[in-house]
Every structure is written in structure tokens, then in C-alpha cells.
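Written below as C-alpha cells is the structure these notes are about.
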Amino acid sequence: MTRWGGKLESEYTHATTTAKLITENISKVIVGKQNSVELATIALMSGGHILVEDVPGVGKTLLAKSLAISSGCSFKRIQFTPDLLPTDVSGVSIYNQKSGDFEFREGPIVSQIVLADEINRATPKTQSAMLEAMEENQVTMEGITRELPKPFMVVATQNPIEYEGTFPLPEAQLDRFLLKVNLGYPDQSEEILILDSQSLGHPIDKIDPVVTPQMVTTMQDTVKRVYVDNLIKEYIVKVVGQTRNMVELNLGSSPRGSIALQRASQALALMRNRDYVLPDDVKQLATSILSHRIIPSPSARMNGMRPYQMIEDLVKSTPIPGENSQNWLRR
């Protein structure tokens with residue numbers, strides 16, 4: 001059910017189809033993780049970045065590669081290590097003896113989809129080289145600003161159980177990730193399917209682009225026009241605002257969390273064949289959007305409270321504005 005007509009209706013249908021094609025293509029490679037695949041697609045639709053935190057071998061790199069292939073986007077990988085320099089990420093100017101000029105050699109950050117593998121292994125100085133790119137889609141070297149290609153997306157991975165030789169991401173950088181994805185181990189039947197799919201080769205070698213980068217940017221523009229009622233905005237702000245007042249938290253979410261939750265909810269609505277956001281869209285995405293933006297207090301951590309559990313409880317206890325009258329649904 002939609003409120004659009006004519007050209008907007010056509011754009012809406014086109015964007016929904018684009019999202020469906022990407023999701024279905026990635027699912028040929030990532031077995032049994034439909035929710036994680038949808039979250040990755042939602043991040044792409046929203047023009048945001050993903051933090052994938054999980055143990056080795058569950059498909060973090062595979063998710064980034066299959067997303068890039070499916071969307072027809074250029075793909076580069078940065079393997080973060082302690083000796084990686086900021087210029088290794090953004091690029092460097094090299095003196096050309098023949099021409100007598102400095103020539104800029106772009107770094108791997110200049111791509112449409114960038115895999116920042118084990119991002120927490122690099123020093124804070126190198127991690128900071130990602131901040132400008134992730135927030136403003138540009139890099140500045142030696143006073144010259146260069147635009148990054150569109151669409152642009154960072155898929156960063158980190159290992160949650162290995163702390164030796166790592167540098168935890170600062171809050172300012174965590175806040176720039178639209179959402180956080182946990183893949184988790186497959187169950188027994190899913191793992192058998194993985195064995196079968198890789199018996200003669202890897203399934204990623206068999207998938208092809210199903211859309212173009214231009215289709216992705218068009219889809220991102222369409223997401224921005226998905227209707228969000230004022231009562232839905234009030235609900236989003238109330239959920240995010242409560243994280244700043246909880247005694248169990250040392251740090252709540254910034255307004256960037258509210259923006260991310262609204263944009264991702266618009267993308268989910270579009271994925272569900274709607275051009276308007278429902279409260280259920282906000283509820284479904286709140287944990288993935290907000291859990292990495294909060295810091296539990298020491299006492300909360302000692303009591304075993306986890307960020308995702310705290311966000312789940314917060315959403316359950318927050319009443320939806322206008323819930324009885326259903327005034328939020330104006331079509």
C-alpha cells in the first residue's frame with residue numbers, strides 16, 4: 001500500500017525491486033542469515049556504514065564481497081595492522097622525477113565499497129583516517145579535498161574475543177557506523193548446506209551483479225522520500241533520548257543515532273513494499289542501530305547487562321505516541 005502515484009510510484013517500485021534483487025543474490029552466498037543480509041542491504045539503501053563484529057570464519061569478509069558484487073560496485077580491501085599508516089588508507093603524493101611534479105596515488109579508501117578488515121588492529125591515528133571519509137564521503141590530503149565515488153560504503157570487521165594487540169574504536173568512530181551486525185554460527189542444517197555449496201567451488205564465484213551503482217544511488221534517493229509521520233519521529237527521539245538518562249549507562253546515543261534510526265526505518269519500510277514507516281520498523285532496527293552507540297556503566301557490566309539487552313528492554317518499555325488512536329498512519 002502506497003501514497004505515491006505516477007512517476008514516484010514507478011521510482012518506489014524500482015527501488016523496492018533493486019533491494020530485493022541485492023538481498024536475494026547475497027543470500028545465495030550467505031546461508032541462513034537472512035536478517036544479517038537484510039541489515040547489510042538496509043545500510044546500503046541508507047547510504048550508511050556497517051560494523052560486523054563476530055568470531056573468525058562466519059562470513060564477515062564474504063558478506064562485504066557479495067554485497068559489492070551484487071550491487072555492481074567497485075570493491076577494495078584494507079587489512080588493518082598496527083604498522084598501517086594513514087597514507088596507506090587515504091593515499092599519498094609521490095614526486096615524479098620526469099614531470100617534476102607531485103602525483104597523488106589514491107589509497108584503497110577510494111572505492112565504492114571498502115572492507116576495513118580487523119579495523120581495531122590499527123592504531124588510533126590510522127583509524128582516524130577513516131573518519132572524514134565515513135562522515136563526509138571525501139578525503140583531504142595536503143590541503144586538497146577529493147570526493148569519493150558514489151555510492152560509498154565502509155564494511156568494517158572486528159573480532160570480539162581477541163583483545164591483545166588491538167585498539168578499541170573510539171566512540172566518535174563507532175557513532176559513524178549506521179548499524180552493527182552479528183552473523184553468529186550457523187545451525188547444523190545450515191552448516192551442511194554450506195558444505196554442499198562449497199564441495200566443487202565457492203558460491204561467490206558463481207554470482208554476478210544484479211544491479212548497477214546508478215540503480216543503488218537512485219534507490220538511496222528514493223529511501224529519503226519514504227514518509228515518516230511526526231509521531232514516528234517523536235517515538236524515535238524518545239527511544240534515543242532515554243539512553244541519555246539511564247543510570248545504567250555512562251554514555252547514551254547522540255542525535256546521529258536518531259538520524260540513523262529514522263533513515264534505516266525508511267529503508268526497511270521500502271524493503272517491505274511500503275512508502276511509510278511503521279512503529280514496528282523502528283522496533284525491529286533499534287538494537288542494531290543503537291547498541292554500539294551506548295556505554296554501560298561498570299556496575300551494569302558487572303551485573304551482566306549487555307548493550308543489546310538494554311536497548312531491547314528500553315524499546316519494550318517505551319510507549320508508542322498515539323498508539324491508541326493510530327494517528328501515525330496517515331495515507
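Of all residues in the stretch 194-228, those satisfying the criterion of being under 17 Å from V29 (Cα atoms) and either touching a strand residue (DSSP E or B) at 6+ places or on another chain (Cβ under 8 Å) or in a loop (DSSP other than H, G, I, E, B) (or both) are Q198, S199, L200, G201, H202, I207, D208, P209, V210, V211. Consider the stretch 113-141 and keep the residues that are charged (D, E, K, R) and not in a strand (DSSP E or B). The one that is nearest to D54 (Cα to Cα) is E118. Of the strands (runs of 3 or more DSSP E) that lie entirely inside the stretch 1-109, those containing 1 or more residues that are modelled with pLDDT of 95 or more and within 20 Å of the chain's Cα centre (by Cα) span 50-53, 75-79.
The rows are residues; the columns are (1) at pLDDT below 90; (2) closer than 26 Å to A40 by Cβ; (3) in a helix (DSSP H, G or I).
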{"position": "G241", "(1), (2), (3)": "no, no, yes"}
{"position": "A269", "(1), (2), (3)": "no, yes, yes"}
{"position": "L290", "(1), (2), (3)": "no, yes, yes"}
{"position": "G304", "(1), (2), (3)": "yes, no, no"}
{"position": "S325", "(1), (2), (3)": "yes, no, no"}
{"position": "R331", "(1), (2), (3)": "yes, no, no"}
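Taking the stretch 79-128 as the range and being farther than 21 Å from K65 by Cβ and crowded, with 21+ Cβ neighbours inside 10 Å as the test, the residues that pass are S90, T126, Q127. Please verify whether Q127 is in the same structural domain as G48 (by TED's automatic domain parsing) and touching a residue at least 60 places away in the same chain (Cβ under 8 Å), treating the condition exactly as stated. No.
Is at least one residue of the stretch 208-217 over 24 Å from Q34 (Cα atoms) and surrounded by fewer than 20 Cβ atoms within 10 Å (Cβ to Cβ)? Walk me through it before giving the result.
We begin by selecting, within the stretch 208-217, every residue over 24 Å from Q34 (Cα atoms); these are 214.
Keeping just the survivors that are surrounded by fewer than 20 Cβ atoms within 10 Å (Cβ to Cβ) gives 214.
Checked against the condition, which is being over 24 Å from Q34 (Cα atoms) and surrounded by fewer than 20 Cβ atoms within 10 Å (Cβ to Cβ), the stretch 208-217 yields at least one hit.
If I filter the stretch 4-27 for residues that are touching a Pro at 6+ places or on another chain (Cβ under 9 Å) and either buried (at least 17 other Cβ atoms within 10 Å of the Cβ) or touching a residue at least 40 places away in the same chain (Cβ under 8 Å) (or both), do I get at least one hit? Yes. Just one of the listed residues (S27, S90, S46) is in the same structural domain as A172 (by TED's automatic domain parsing), in contact with a helix residue (DSSP H, G or I) (Cβ under 6 Å, 6 or more places away or on another chain) and farther than 28 Å from A133 by Cα, namely S27. As for the stretch 167-181, it holds no residue that is part of a loop (DSSP other than H, G, I, E, B) and either over 26 Å from P307 (Cβ atoms) or hydroxyl-bearing (S, T, Y) (or both).
Of all residues in the stretch 142-158, those that are assigned to a strand (DSSP E or B) and touching a residue at least 12 places away in the same chain (Cβ under 8 Å) total 8.
The residue that is nearest to V37 (Cα to Cα), among those in the stretch 249-283 that are polar (S, T, N, Q) and either outside the structural domain of K316 (by TED's automatic domain parsing) or surrounded by fewer than 18 Cβ atoms within 10 Å (Cβ to Cβ) (or both), is N273.
The values are calculated or read from the model by the stated rules, or taken from the named source; none is laboratory data. Small disclaimer: the values here were computed from a predicted structure and weren't measured. Cβ coordinates were reconstructed from backbone atoms using ideal geometry, including for glycine residues, and neighbour counts include every protein chain displayed.
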